[in-house]
1. Shape verdict for chain A, please, from the Cα gyration tensor: rounded (a/c under 1.5), prolate (a/b greater than b/c) or oblate.
2. Taking other Cβ within 10 Å of each residue's Cβ, how do A:Phe28, B:Phe6 sort, fewest first?
3. Among A:Ser215, A:Ser68, A:Ser234, which one shows the highest mean-square fluctuation when chain A is modelled as a Gaussian network with alpha-carbon springs under 10 Å?
4. Could you check the spin-label model distance between A:Ala146 and A:Ser72? Points 7 Å from the Cα along Cα→Cβ, value in nm.
5. Between rounded, prolate and oblate, where does the range A:29-107 land on the alpha carbon gyration tensor, with a ≥ b ≥ c its root eigenvalues, rounded for a/c under 1.5, else prolate if a/b exceeds b/c?
6. Give the shape of the range A:143-253 as rounded, prolate or oblate, defined through the alpha-carbon gyration tensor: a ≥ b ≥ c are the square roots of its eigenvalues, a/c under 1.5 means rounded, and otherwise the shape is prolate if a/b is larger than b/c and oblate if not.
Amino acid sequence: MRLMDNALWWVGNLLIVLVLYRAWRGKFLTRYPYFFGYLGLVACFVVVRVYLRAETTTRAFGIGYWISEFLSAIAGFGITWQIYATILAPYRGACRMARAVLGVLCTLVLVNAIMELTGNVVQNLGPTTVELERNLRFVQTLLLLAITGLTVHYRLPLGRNVRSMLAGYGFYIGCVVIVLSLRSQWGQDFERGKDLLQRSAYLTSLAVWCVGMWSYSRNPVPETLIEADYNRISEQTSRAFGRLREHVTQSWRP
Amino acid sequence: MMNFAFVIAGGVALLFFLWLVLRRNASDTAAHHDYVANPSAYWVRLPPRALLDRFLSPEDVEYAAELNSPALLRRVVRERRRLAAAWLRQTRREAGRLFLLHVRTVRQAEGLRPAAEVNLVFAAASFLVVYAVMMTAVGLYGPLHTRRFLESLQSLANILSNLGGRIAESIGPALVPQLDGRGGR
């Protein structure tokens, strides 16, 4: 089992490095700054944890581990923002609204975590981070649900890069939320299964990103934005539905 | 804090929507300008009412009943039910076409208003409710009985409306709130 854990750890790290290398090589690191920023941060934390484990005490490693978890959980929000910003880029109004909603949600969760931390910072760091992570994951689930719902409903065009970002991160978040809930329901017996499932979901996401982010693919830009036609179209559809409903009920009357 | 079933449902819904996003055909970014440029796309296209009157007319059923052949009568009734269901399904398809047309047209609109979109979703949902009620009635009672039921419902509504009018008259205009010409009180 230990060998498998090590193998999964190595594969995960290699995939992160590969995604970052391909982006650097293809010169599109700056196209998705929040996404690659998150990956870069995760890569840095791997190095820091390895150093702490090798060179310091267990207590120091524990503190370092929880601080890095805390920062990763917050940085994870960056991917959600990257997905929103890329998909909604041509729609300025919707993008502004999304930015405001995301900002408020993120601030609320952060303030909650800081308030939990006050008192004994070191002692509260672990439980607060777990709670922060759970809250952030759940908020992100709702946000990703909203953007996927909009994408499906309005058939918004998606390029390969953003599609893989959404698929990989959405899959990971969806799995984590389900697994964490099952863990809280079934208790310690599910701990091993939880670890395995979470790690598998993480590796799957990295593999999806690796394939989708292999090279730069521009998000399709809508042909031309409709100018001020929305009201007319909306009224037309409303009238058409009214006629249809009337037709169905009136036609059946003798 | 968070309900277990609610969280699980959120996760499963997210995975389902992701599956929908991934299976979506990339080529469906159809040229919406055709729709915008052509207002006739918003016309409701349904078979004429005369056709519905024809296959809902009781004459054929009465004629089949006169032939004293239960098998033939059953077949006629079954066919009428099938035709009525097909007519209803066609209206649902038309509603689907209109909704899709709207979605494809407005997805790039800059001034998209969420409230207007929610209203349209309600309009579509109310149509679907009417459709489901009609479909159930046709399936359970057949088209002829459904038509008679609607007829009696209409008469009942007329009776109630007349009664309401009489009651209002008997109360007297002084007790009923009046609207002035400008629409105010």
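Each value in this text was obtained by applying a stated rule to the coordinates, not by laboratory testing. As the structure is a prediction and not an experimental result, all values here were calculated from the model. Here the Cβ positions follow ideal geometry from the backbone for every residue, glycine too, while neighbour counts run over all protein chains shown.
1. Verdict is prolate for chain A.
2. Details: A:Phe28 17, B:Phe6 11.
Result, fewest neighbours first: B:Phe6, A:Phe28.
3. Its mean-square fluctuation being the largest, the pick is A:Ser234.
4. 2.6
5. Values: a/c = 6.76, a/b = 2.39, b/c = 2.83.
Here the range A:29-107 falls in the oblate category.
6. On the way: a/c = 4.44, a/b = 1.70, b/c = 2.61.
Since a/c reaches 1.5 but b/c is at least a/b, the shape of the range A:143-253 is classed as oblate.
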